[in-house]
Each structure stands twice: as C-alpha cells, then as structure tokens.
Amino acid sequence: MNSHLRRSRIVKVITDAAGSERDFDQAAAALDAVHIAVVIKGVAIATAAVQAAVVTALNTAVKCFGKATLVCPHNPPLEAKLALGRDLWAVAEACGAQVSALLPSSVTHIVAIGETPVAGAFVRCWWNGWSAGVLPGWDDELCGDAGNPLSGVFAGALAVREVFANAIGRRHSVNRRAAISL
C-alpha cells in the first residue's frame, strides 16, 4: 500500500470537517504533529483491562498519527496470548510504537492509564467491569474491576479519539467524564 493511502480516510475527515479550509497536505501535517505517549502509572499492569487499553491506544495512535510511545518502567508478560509478542514491550514495538522509561520531550498528548494522575495528562482511561470510558487527565477517580479486556479496549480507543478531536480543533481539553456500559 502506498504510504499516502495509509491514513487517507483519517486525513479526509479533517478536510471534510465543517469550516475546515485544510487541504490534504495540511491535514496530514496536523496528524504528523501529534505524538501520543501512553503512560502507565500507579497500577498493576498485569491485568487484562490495563494491557488491552495500552495495546489499543498504542495501535490506534500509530495508525492515526504515525507515532506513539509507551512510557512504562516494567515489562510485564501479557495476560492474553497475542501473536505480536509475549510481553507488553514486544507488543508495543510490534504495533510500531517506541518504548521508553522516560517521557520524550516531543510528546504533545499524554494518555494516562492507571490509578495515579500523571502530570500534564490530556486524558485518563477508566473502567470498572463492563463500564468504560475516559476522565480528564487530572481526575483521580479510581478504576474498578480490571478483569474485562473489552473495557480496556474501549477506554484506550476512546482516549485516542479524544486526542484526535483535539488535533482537528473540535476539543481543547477533556473536562468531564465520559463513560458507558458496554
């Protein structure tokens, strides 16, 4: 597949947005300017929802914006077997993301996953059993039951959606909780 076609639908969403005067090159540049860091902090990372949120957020961010970084101090084995790798770092790299112990200076948006708020976080993933969503990055509400990977998948995808809305100018910040029952 040609490299310009990989994100053609995503770029088209930006060019077709109401009031948008961006052409395809400007829309692609807007996506290229975003660098998401998925930061895991203050949570047991060996749970199904946490790992599903991380993998979903990284994979979606790389496909949408072209780059993402996992900031994670430890490399746990995966709860579920995936063809991409046996541990979180291997899966992150297989998705096309970088892995780092420290937050890169080029990061524009932080997706926090865990119980502890992360300084400068744009959005934080949240779940509890069959409920999932996102919180403002500063919100310290505790997550609940982390045994359902579907809640992690939804939370990770919704977090990247919030970053996308910000990148195209539809949302300046996440200022309220958004959650649904799956």
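Quick note: the coordinates plus some simple rules give every number you see, no bench work behind them. Bear in mind that the values here come from a model prediction, so they are computed numbers and not experimental data. Glycine gets a Cβ as well: all are built from the backbone with ideal geometry, and neighbour counts include every protein chain shown.
Okay, here's what the table says:
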item	result
Sequence of W126, W138 once ranked by neighbouring C-beta atoms within 10 Å, starting from the fewest	W138, W126
Charge-dipole axis of the chain as Lys and Arg at +1 and Asp and Glu at -1 on Cβ define it, positive-most pick from T15, P76, W127	T15
Difference of contour (0.36 nm per residue) and Cα-Cα distance, A119 to L84	9.6 nm
For a label point 7 Å along the Cα-to-beta-carbon line of A165, residues of region 123-146 with backbone N under 17 Å	123-127, 132-139
Long-range tail of P(r) for the chain (Cα pairs > 19 Å, %)	55
Order by protection proxy (mean Cβ within 10 Å, highest first), peptides 156-163, 142-149, 58-65	156-163, 58-65, 142-149
Average Cα contact separation per residue, region 35-170, under 8 Å, 6 or more apart, as relative contact order %	30
